[in-house]
Amino acid sequence: MRKTFLTVAALMCVVIPNSLAFAGEKDDKPKVSQEEIRKLCHKLSSNDDDVRWQAAKKLIEAGGESTDMLGQILQGEWLEGRKLAAYLLGEIKDPAAVLPLASCLGDDEFHVRWKCAVSLKNIGRPAVDVLCQVLRTGNLQAKYCAAWTLGEIKDPSATAALAETATVEDHHLRWKSVISLKRIGPAAIDELKKLLEDESPKARHCAVWALDMLGGREAIGPLLGAISDAEADVRALAAKALAKYDGPKVRAALEALIEDESNAVRRQAVISLATLGRQIVDGENGAPGDDRAPRWGIYEAVHRQEDGAPDAPDAHLAVDFLTPSQGSRTVEGFCAEDGVWKARIAPDEVGEWFYKMTFTPAGGDAVVTHGMFSCDDSELVGALEVRRAPRPHLRAGGRPVYLAEAPLPVRGLPRAFAPWKALLDACAKHGFNLLRLDVQRLLFEAANAGQGRPNVMSLIDDILTHGHTHGIYFILTLFDEDHLRDDASWNVSAYNADNGGPLEAGNRLPMFYDPVSGEIARMQEDDIRGVIVRAGAHANVIFELCRNFNEHGSAVPFAKSWVQKRLGLFESCARPVMLSAADDAGRLCTVDGIDIAGIREGAAPEGRLPALPAECPADAPGAVSEMWLAMVGGGGPVSWTRTPAADVEDTIRFVGQAEKRVRVLLEFAGNEDFYALRPDAAAVLSSPPGVRVAAQSAGKRAVLYLAGSADGGEVVRLGMPAGEYEVRWLDARAGSERRVDNGTQDQGFIELRCPRFSDGIVAWVTVK
């Protein structure tokens, strides 16, 4: 006979009182003889399902008359019979069955013990005392079943026994017990309070969880006490639970946790305060603001000063954002208008974002508010990242991307949004995905027209936002040597001593690049930070630190130091930054022998991108040819130093003429293999007259772009390792494959015989 986990005697003292409590109930059902019960039990072993279940039905109808014999089957060796007996006793619900059912809660067979647990749940209150005894003295499997069953019955008299096992080391038993306390409801709160004083941190953690799940005003006091717990995870869980209850005491307690030694506790305090803030329709000081934002779109956290106080130079706004993936980001704010401060972020994760906003007025105490917003998925293009494979290149959405810049009008940039919108719509229609916004030029031209900086920055916001809906990226140029050299621009420059600036006209260069002059440094840093905090949140932005940098050696002797210090201002900005050196496109910012910010041999540090300035030819095919040359030759984005477009209409016409060639270029540039190659001008040993060739190679692979025209049959000699090669010729205008050739390198080079072409052609060379 099987051994049960508890002796019958051990349970009788508990079972009998419960059984007697129900003994007086009247039973009008006709009695069934034990002989008939025995026959029905025998039929439970039938192979005929109908016979078996008909017998089971009659045993249930017989009620308590079946209990004894089914109890004997439950204690026997016949496994299927034991499962059936456990089930039938639960359907009969006779309190006398508590003893045999409870004695099998620790059974080795999973299905037997859990069928017994379910049957005890069905019997209900008469089983509680026995289950509490099992919880104290049974084996581990029996305790699991007993803890679960007590939670299903939900009788308050079980709370003490469940609280005892909520302190044990066994993870599963501890949690089954606490979950059952939660299911019992408010009657369990007194025991949960006691658990908060237990020496086991795990038990205290479970108690806080149960209080959180129970909810109600009765839970607030214990939860407020739990935020002083010695364990960080208990404090964090209590802080999370308190987010349901707004009130001065709760807010004060959560605000105190902002200074907690644990990062997890501090983070949860911010989230809970933000959650409470979300319950306010029109929060104090403007928090939490609009509570939804698209992925990669702009979310603004807003702080409003009392009475619309004017901007103060020493005021400061900083916002700590908490991401759905447990990350954190700090964003500096800016004064948008008198009394209104904003901090922007482009959320890159779908889910709930939380933030702590700290505004420090000039000479006053910091004001802290909290908020949250939901980030929804969107079709907006994501932020660009600089990668190496091995050369610097851009990636978006995990894939390489090449940016084809549209030239801007030379006669003056539009100062209203309408013409910009028409230009952006045309660029999107014709495949161009990049424009350069010269911030200083826009400011200069606006100053000449009597417009202030706020108008220009608002216009830039509108341009960036509308361009983003079309998948267009922007280069934002912060400084340009051309403006320092051009007298018309210099006359309205804030750096001009005649306008109160630090630089005399005759000493503009190289002093503009002096990194140690306090007044110059402050102005430049303010200009850079001002653009970063306002435009740096836009996901579709690349910053150009200085255009035409060090033209004719004008930054020497300050070049390297100036770049290093100014690039340091972008450390907290996730957007790529590039430097355009007008006379140094081939050497990628190694200017006059000075290695700029560690950029050597065509490699840019992570997050920093060299630019390839080029003069934009007047005809569209020539412009696209320059793009091909720059892409294959160096890998950085092309940024035009001269443009052929006189006005917006001229630019729209230009991009329309270049559409097909640009689309071919963008498709080609999405090839992962291309960015695994290195610039290799030495690989081209000879080329046809009048044809410019740019090359990239790596081992036995190479790609060439031939700019110009050829009648067909002209030879390009390419230095490659020995081997058999396949050469695929791609039409750079139509994107179609023109021809596939084979070649052998057995003399130190491979000869490529060109097809006929007029607008450029590409050669992919791979080993067979």
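All of the numbers you see were taken from the coordinates with simple rules; none came from a lab. The shown structure was predicted, so the numbers you read here are calculated from the model rather than taken from an experiment. Virtual Cβ from ideal backbone geometry, glycine too; neighbours counted across all protein chains shown.
Values for this structure:
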quantity: Nonlocal amide H pairs with E714, under 5 Å, H built at 1.01 Å; calculated: C754
quantity: Extension reserve of the E306-E61 stretch, reckoned as 0.36 nm per residue once the Cα distance is removed; calculated: 80.4 nm
quantity: For segment 428-462 and segment 673-749, distance of Cα centres in Å; calculated: 41 Å
quantity: Separation in nanometres of the label points that stand 7 Å from Cα toward Cβ, at Q72 and D711; calculated: 11.4 nm
quantity: Length added when fully stretched, V340-K421, from 0.36 nm per residue minus Cα-Cα; calculated: 26.4 nm
quantity: Global form of segment 445-581, assessed from the alpha-carbon gyration tensor, a/c cut-off 1.5; calculated: oblate
quantity: Cβ-Cβ FRET estimate between V368 and H111, R0 fixed at 45 Å, reported to 0.05; calculated: 0.20
quantity: Hz values of 3J(HN,Hα) by residue in segment 163-179 - Karplus curve (6.51, -1.76, 1.60), Gly and Pro given as x; calculated: 5, 4, 7, 6, 9, 6, 6, 5, 4, 5, 5, 4, 6, 4, 5, 5, 4
quantity: FRET efficiency, S758 to A676 (Cβ-Cβ, R0 51 Å, nearest 0.05); calculated: 0.95
quantity: Cα→Cβ-extended label distance, 7 Å offset, between E379 and V168, nm; calculated: 5.8 nm
quantity: Length gained when the stretch V516-E667 is fully extended (0.36 nm per residue, less Cα-Cα span); calculated: 49.8 nm
quantity: Pairs beyond 19 Å (Cα-Cα), from K31/K57; K57/K93; K57/K115; K700/K768; K660/K700; calculated: K660/K700
quantity: Förster radius 30 Å - calculated FRET efficiency between H316 and T465 (Cβ-Cβ, nearest 0.05); calculated: 0.70
quantity: Bridge type composition, the chain - antiparallel percent by DSSP, nearest 5; calculated: 75 percent
quantity: Inter-probe distance in nm under a simple model that places probes 7 Å from Cα toward Cβ, at E199 and D486; calculated: 7.9 nm
quantity: Neighbour-count order for I123, I528, fewest beta carbons within 10 angstrom listed first; calculated: I528, I123
quantity: Lysines whose Cα lies under 24 Å from that of K356, excluding same-chain neighbours fewer than 8 positions away; calculated: K240, K244, K249, K342
quantity: Partner aspartates and glutamates for K429 [C-alpha distance under 13 Å; skip if fewer than 8 residues away on the same chain]; calculated: E659
quantity: Qualifying lysines (Cα of each under 20 Å from Cα of K194; at least 8 residues distant if same chain); calculated: K154, K176, K182, K202
quantity: Over 42 Å [Cα-Cα, the chain], rounded percent; calculated: 54 percent
quantity: Shape call, segment 385-670: gyration tensor on alpha carbons, a/c limit 1.5; calculated: oblate
quantity: Prolate/oblate/rounded call for segment 119-164, Cα gyration tensor, a/c under 1.5 rounded; calculated: oblate
quantity: Sparsely packed GluC sites (Glu not before Pro) within segment 321-394, loop by DSSP, other Cβ within 10 Å at most 13; calculated: E349, E379
quantity: Cα centroid of segment 502-517 to Cα centroid of segment 177-192, whole Å; calculated: 74 Å
